[in-house]
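Enquirer: Below is the structure I would like to discuss, written out as structure tokens.
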Amino acid sequence: MFKKLFYLFFIFIFSLQPSISRTLKKLPAETKVAYAHRIIENIKIDGILDEEAWNKAIAVDDFFQYEPFNGSFPSETSLVKILYDDNALYIGATLMDDEPNLIYKELGKRDNSDNLKADAFSILISPYNDGINYLEFIVSASGVQTDIRRTGNDSDRSWDAVWESSVSITDSGWFVEIRIPFSALRFSSRVNGNWGLNFRRLIKRYNEWSSWNPIDNSVSGIVNQSGELSGIKNINTPIRLSFSPYVSGYIEKHPENNSLSWQLNGGMDLQFGLTESFTLDMTLIPDFGQVKSDKKILNISPYEVMYDEQRPFFNEGMDLFEKGGIFYSRRIGTKPKLYNAVSESLGENDTILSNPQETALINATKISGRTSSGLGIGFLNAFTSNTYAEIKDTLIEEKRKFLTQGFTNYNMIVLDQTLKNNSYVSVANTNLNIPKQGYTSNVTATDFVLRNKANSYAFAGVAAMSQIFEEDRDFGYKYNFSFNKTSGNVLFEVYNNTESDTYNPNDMGYIQKPNEFTNGASVGYRVYKPFWRLLNWSSWIGGRYSTLHNPMKYTSSLFFLNFRTIFAKSYYFVYAQFWLDPLERHDYDEPRVEGRMLLKPRRFSASIKTSSDYRKSLAIDAELDYWKAESMNMDNISIEISPRVRFSNKFMLVYEIEQDFSRNDIGYVGKSADNTNVYMGLRDISTLT
């Protein structure tokens, strides 16, 4: 019955779509070059390009559409000019529009310009022109700013720069004027040659993206398809220095205590430009009391919950420190190592007065940047103070302290070298040292991506080694490698992931549980240009097979099939995925006793996601997920619906509701004291969000 509903749904959706056709333009092969004009006069950032300097700059135009019709002419004309002085880069864009009254200009929060119901203009720039490390600055027609740090196909919207922009709308279209300080770009004045550059424009009423240097959707990535910027030289950048002192106070009163308790804190954040391309960031005696708290999660799984980082110092400019996948910033200032040992040490008359759940951060420092030869260097250091629990003997009224974690030093260093063909190789090391407890943890990793000249194939890998020195030395390792075809209509991937049972990066990194040996492969087929009634099409089929690494015992296997598409006229998005366990699953984690295994029946799963056109006043996102096991009456269904109503350019309402229900879900209940017996139970779980 469920399969029939899926089929009927697809037939209904496809039947609603009218057919389309469009003459497409062949993409040129050459890389475009823009020229920057040096100025000495001041430019007022007001969205009006009326200074004489703009008349002296050479305009670039001839944009190419890449969505929805890859390689076609754009619907409207765009012209962009570039100026610079010793302090900043200036961009002036004239974005013509035959129907300026139809320009969308919804307001929204920062870093969301390209997701609003608003036209937008984007600048992608890289002083190193390496096809990997780019910064993107986006301005919407409503004036909303977005800045993104891009590393290959990854993007970081948490990065925030200080830059200026202004827009104006006239009878001929809209105009944007932008000033980007060189201090925001963090480049070396010794960089020779052209910079990487591209401009993008979004015409929201058509859902149309175009770019100055053409983007071929059959080639993986956007930043690696940029043009070049020439003419910037002999820049004398100013000193970059900022101080941000703070004072915070707390007053608390507990019901069992008549008196008030108070606390006064003070500290400072510092940022200093060591050179044009390297920056020092420091936080001294930080107070993250203003940071929003984590979501409360009832965790019934055998794995630790990985929370998002909310602290600004550890959430900005951290792209280099993600190399190797061995750093999880929430480890700094986390729960003390001997937190749980406090209760185990209690005597018959002892009670715990206090047991801090976090270590106190004294200071943290990071230095990061990239040399003129493309070598990225990152260094991070942090200290936490001694952390004590307080215990009281109620019989003799005596208090004592219990050291849950001694003074701790956290270090990380990263070296990342960009290579030809948008490739890179990096080496990273983390080191944690607790002198008082004689504990040291050291993890070293290398991370690389090697691409061919045509950017059609990629070989990638990560290898890491962990060492923990306490009473003796624990050694572990991991590696994963993949080979991919990344461009063209037919794509593929083969991969292996290996983690020894003793690999442990968790003092400064995160891994759910090691001891894995997995091999997988998948083949995909993508259509990038509109056909029939569709704008594009992507479909993948593949599978994987997993065992423990030691001993080499089977754990799980999987086959999957998925597809995604967007309909041409309605812009209705559909994604569906189906997967099957060909064999029973052997779960060695849920029993939580070494060597014990939970046998789980085979499952068939299906998922479908849909989204209507966000340009309309009413749009709906919906998702339906379902899986069913072949025995034990186990199944799960999840339904999520999210309507969004736009009342005006300044007011929108989004409502989300999700219902998830699992029947006869099998999970851990408990175990005997000697681990001889492990108790599992069947449970019905209903979650409403």
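The values are calculated or read from the model by the stated rules, or taken from the named source; none is laboratory data. Given the structure is predicted, the values throughout are model-derived calculations rather than measurements. So basically every Cβ, Gly included, is an ideal-geometry build from the backbone, and we count neighbours across all protein chains shown.
Enquirer: Given the criterion surrounded by fewer than 16 Cβ atoms within 10 Å (Cβ to Cβ) and at negative phi, identify the matching residue among R615, R603, R585, R592.
Expert: On the way: R603 fails: surrounded by fewer than 16 Cβ atoms within 10 Å (Cβ to Cβ); R585 fails: surrounded by fewer than 16 Cβ atoms within 10 Å (Cβ to Cβ); R592 fails: at negative phi.
From the options R615, R603, R585, R592, the qualifying one is R615.
Enquirer: Report, by residue number, each residue of the stretch 97-111 that is touching a Ser or Thr at 6+ places or on another chain (Cβ under 9 Å) and buried (at least 16 other Cβ atoms within 10 Å of the Cβ). I'd like the intermediate steps shown before the answer.
Expert: In the first step, residues of the stretch 97-111 are kept if they are touching a Ser or Thr at 6+ places or on another chain (Cβ under 9 Å); the result is 97-98, 100, 104-108, 110-111.
Across the stretch 97-111, the qualifying residues are D97, Y104, K105, E106, L107, G108, D111.
Enquirer: Taking Y554, is it in contact with a helix residue (DSSP H, G or I) (Cβ under 9 Å, 6 or more places away or on another chain) and over 26 Å from V219 (Cα atoms)? Full working, then the answer.
Expert: Details: in contact with a helix residue (DSSP H, G or I) (Cβ under 9 Å, 6 or more places away or on another chain): no; over 26 Å from V219 (Cα atoms): yes.
So Y554 does not fit the description; no.
Enquirer: In this structure, does S546 turn out to be within 24 Å of the chain's Cα centre (by Cα), over 30 Å from G333 (Cα atoms) and of a type in the set (G, A, S)?
Expert: Working: within 24 Å of the chain's Cα centre (by Cα): no; over 30 Å from G333 (Cα atoms): yes; of a type in the set (G, A, S): yes.
Taking the combined requirement at face value, the residue does not satisfy it.
Enquirer: Is it fair to say D86 is modelled with pLDDT of 90 or more, farther than 19 Å from R200 by Cα and part of a loop (DSSP other than H, G, I, E, B)? Show your work before the answer.
Expert: Working: modelled with pLDDT of 90 or more: no; farther than 19 Å from R200 by Cα: yes; part of a loop (DSSP other than H, G, I, E, B): yes.
The answer is no for D86.
Enquirer: Among the listed residues A463, A458, A454, which satisfies the condition of being small (G, A, S) and either surrounded by fewer than 14 Cβ atoms within 10 Å (Cβ to Cβ) or more than 23 Å from G325 (Cα to Cα) (or both)? Reasoning before the result, please.
Expert: On the way: A463 fails: either surrounded by fewer than 14 Cβ atoms within 10 Å (Cβ to Cβ) or more than 23 Å from G325 (Cα to Cα) (or both); A458 fails: either surrounded by fewer than 14 Cβ atoms within 10 Å (Cβ to Cβ) or more than 23 Å from G325 (Cα to Cα) (or both).
Every option except A454 fails the conditions.
Enquirer: Can I ask one more? Residue check, S242 against (1) under 25 Å from V443 (Cα atoms); (2) modelled with pLDDT of 80 or more, all met but one. Which one?
Expert: So the condition that S242 fails would be (1).
Every residue, every condition in (1) surrounded by 14 or more Cβ atoms within 10 Å (Cβ to Cβ); (2) touching a Ser or Thr at 6+ places or on another chain (Cβ under 8 Å); (3) in the same structural domain as K609 (by TED's automatic domain parsing); (4) assigned to a strand (DSSP E or B), yes or no:
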position	(1), (2), (3), (4)
I641	yes, no, yes, yes
R644	yes, no, yes, yes
M652	yes, no, yes, yes
Q659	no, yes, yes, yes
D665	yes, no, yes, yes
Y668	yes, no, yes, yes
D674	no, no, yes, no
L682	no, no, yes, yes
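Enquirer: Hey, could you check the stretch 80-90 for residues that are in contact with a Leu (Cβ under 8 Å, 6 or more places away or on another chain) and of a type in the set (A, V, I, L, M) and say which is farthest from L124 (Cα to Cα)?
Expert: Per the stated criteria, the residue is L83.
Enquirer: Next question, about the same structure. Residues that are under 26 Å from the mean Cα position of the chain (by Cα) and surrounded by 15 or more Cβ atoms within 10 Å (Cβ to Cβ): which strands (runs of 3 or more DSSP E) entirely in the stretch 345-392 hold 2 or more of them? Before the answer, list the steps.
Expert: On the way: elements: 350-354, 361-370, 375-384.
Where strands (runs of 3 or more DSSP E) fall fully within the stretch 345-392 and carry at least 2 residues being under 26 Å from the mean Cα position of the chain (by Cα) and surrounded by 15 or more Cβ atoms within 10 Å (Cβ to Cβ), they are 361-370, 375-384.
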